[in-house]
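What follows is a short report on a single structure.
Taken together, the values in this text are just the output of simple stated rules run on the coordinates, not laboratory data. Since the structure is predicted, the reported quantities are computational estimates derived from the model, not experimental observations. When we count neighbours, we look across all protein chains shown, and the Cβ atoms used for this are built from the backbone with ideal geometry, even at glycine.
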Amino acid sequence: MRHLLLKLEPVIWLLFGQGIMIGTMLLTAYLAIVGLAIPLGIVPAEALSHERALALGGSLIGRVVLFALIALPLWKGAHHVRSLSLDFSGQARDAVVAPLLYGLALLGNVLALVAVVRL
């Protein structure tokens with residue numbers, strides 16, 4: 001299992017890095033709009049209406065963005081929890097923890113893909 005994880009390490013780091021980018025840039029901007037701009041009246045509340053959200057989910061680029069917003073932070077979280085596990089238990093449990101966490105992230109990606117395709 002360790003050999004497989006070493007082969008997948010570049011892909012995992014790519015997904016981790018993209019998860020950081022999504023979490024830092026796009027989700028922060030979304031929270032600033034929803035949490036500050038709309039309540040303060042800077043952005044009209046109709047900007048996040050159901051019809052606009054459905055139109056976003058109806059376009060191909062909107063579906064890709066929605067999938068990225070859901071899927072990539074899962075890889076970031078899985079890698080952070082794996083690093084935390086390595087800090088606490090060392091290499092002893094990594095053969096079990098890493099495939100479990102990355103498997104859960106992969107399952108979350110599959111579920112996100114199904115949800116976005118069904119929009």
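Once phi is turned into ³J(HN,Hα) by the Karplus curve 6.51 cos²θ - 1.76 cosθ + 1.60 with θ = phi - 60°, what whole-Hz value does each residue of the range 36-45 show in order, with x for glycine and proline?
Once rounded to whole Hz, the list reads 10, 5, 6, x, 7, x, 6, 10, x, 5.
In cubic angstrom, how much convex hull volume per residue do the alpha carbon atoms of the range 67-112 span?
Numbers: hull volume 2.0 nm³, N = 46.
Given the Cα convex hull of the range 67-112, per-residue volume reads 43 Å³.
Can you compute the helix-only [θ] at 222 nm over the chain? Use -39500 (n - 2.57) per DSSP H run of at least 4 residues, normalise by all residues, nearest 500 deg cm²/dmol.
On the way: 5 runs with 89 residues, N = 119.
Computed ellipticity for the chain at 222 nm equals -25500 deg cm²/dmol.
Would you kindly derive the ³J(HN,Hα) couplings of the range 11-23 from the backbone phi angles with the Karplus curve 6.51 cos²θ - 1.76 cosθ + 1.60 (θ = phi - 60°), listing them in order in whole Hz, with x for Gly and Pro?
Here the 3J(HN,Hα) series is 5, 5, 5, 4, 5, 4, x, 5, x, 5, 4, 5, x Hz.
Using a simple spin-label model with points 7 Å from Cα along the Cα→Cβ vector, what separation in nm is obtained for Ala55 and Asp94?
Label-label distance for Ala55 and Asp94, simple model: 5.0 nm.
With axes computed from alpha carbons, what is the tilt in degrees of helix 60-89 against the longest principal axis of the chain, rounded to the nearest 10 within 0 to 90?
Helix 60-89 sits roughly 40 degrees off the main axis of the chain.
Quick one: Kirkwood hydrodynamic radius for the range 2-117, alpha-carbon pairs, angstrom, one decimal? Working shown, then result.
Numbers: mean 1/r = 0.0623 Å⁻¹.
Computed over Cα pairs of the range 2-117, the Kirkwood hydrodynamic radius comes out at 16.1 Å.
Once phi is turned into θ = phi - 60°, what whole-Hz ³J(HN,Hα) does the Karplus curve with 6.51, -1.76 and 1.60 give for every residue of the range 109-116, x standing for Gly and Pro?
With the stated coefficients, the range 109-116 comes to 5, 5, 5, 5, 5, 4, 5, 6 Hz.
Please give me the summed charge of the neighbours of Leu8: other residues whose Cβ is under 13 Å from its Cβ, Lys and Arg +1, Asp and Glu -1.
+2
Suppose a student asked you for the relative contact order of the chain, using Cα pairs under 8 Å spaced at least 6 residues apart; what percent would you report? Spell out each step's value before the answer.
Details: 75 pairs, mean separation 40.3, N = 119.
The normalised contact order for the chain reaches 34 percent.
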